[in-house]
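Shown next, in structure tokens, is the structure this report addresses.
What follows draws every value from the coordinates through simple rules; no lab data is involved. The structure displayed is predicted, hence computed values, not measured ones. We place every Cβ from the backbone using ideal geometry, glycine too, and count neighbours over all the protein chains shown.
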Amino acid sequence: MDLMRKILISSLFVVLLGARASLALESHPLMPGALAVAPAVEFTRFGFSIYYAQLWAPEGQYKKDAPFILTLTYSRDITRERILDASLTEMKKLGIPVERYPQWREQLSSVLPDVKQGDTLTGLYTPGKGSQFFYQNQMTGVLDDALSDSFFSIWLDTRTSEPEMRSALIGQKK
């Protein structure tokens, strides 16, 4: 009986391990073949969780000039205005001259909604072409390439204000 029990437990362990591996290799529905680059990363401010970010890329390998998906799952309710203000502020910190593009606020406003705890916002970016945005898996709109590149730089530029988060997102966390 003891041997049978060990075999059952071992078999169950192998099945669970296989299920976990298959989940890790599941591609993103918006980009077949895009795998999670790394586990989701929590972004906090003053000790409060704001959102979890996860980057998806072809074969799970982020490359600056290749398409990718960035998904943010919010931990709290945040208004569109606060998201817009924070986004534009972060772009300015990167040296992006957002004041030259007053239309960017309106364009971002068209794709970024108010969010509630548990909501997901997803951006699918194709360098040279622009991006598509999805809120709760429903498309909210598109952005041109210049604005898209600037927006995603908030997380992925080497000069980001959150270098540890960037490293974790792109799979380089030490």
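In the chain, the calculated helix contribution to ellipticity at 222 nm averages -12000 deg cm²/dmol per residue, counting -39,500 (n - 2.57) for every DSSP H run with n ≥ 4. Qualifying trypsin sites (Lys or Arg not before Pro) in region 33-94, where qualification requires a DSSP coil assignment and no more than 14 other C-beta atoms within 10 Å, comprise K63, K64, R76.
A straight Cα-to-Cα reach below 18 Å connects K92 with the aspartates and glutamates E81, E106, D145, D149, D157, E162, residues fewer than 8 places away in its own chain not being considered.
Placing R0 at 25 angstrom, the Cβ-Cβ distance between I50 and V142 gives a FRET efficiency of 0.50 after rounding to 0.05. Each Lys and Arg Cβ is given +1 and each Asp and Glu Cβ -1; about its Cα centre, the chain then shows a dipole of about 460 debye.
Classified by the C-alpha gyration tensor, region 23-174 has a rounded form. Its axis ratio a/c, with a ≥ b ≥ c, is below 1.5. Here the 3J(HN,Hα) profile of region 116-124, calculated from phi with Karplus coefficients 6.51, -1.76 and 1.60 at θ = phi - 60°, is 10, 3, x, 6, 10, 10, 10, x, 10 Hz, Gly and Pro shown as x. Considering only L72, S110, V41, the residue lying farthest towards the positive end of the dipole of the chain is V41, judged by Cα position with unit charges set on Cβ. For the pair S110 and E162, a Förster radius of 22 Å applied to the C-beta separation gives a FRET efficiency near 0.30, rounded to the nearest 0.05.
Once each of the GluC sites (Glu not before Pro) sitting in a DSSP loop with at most 12 other beta-carbon atoms within 10 Å is removed, the chain keeps 60-174 as its longest stretch.
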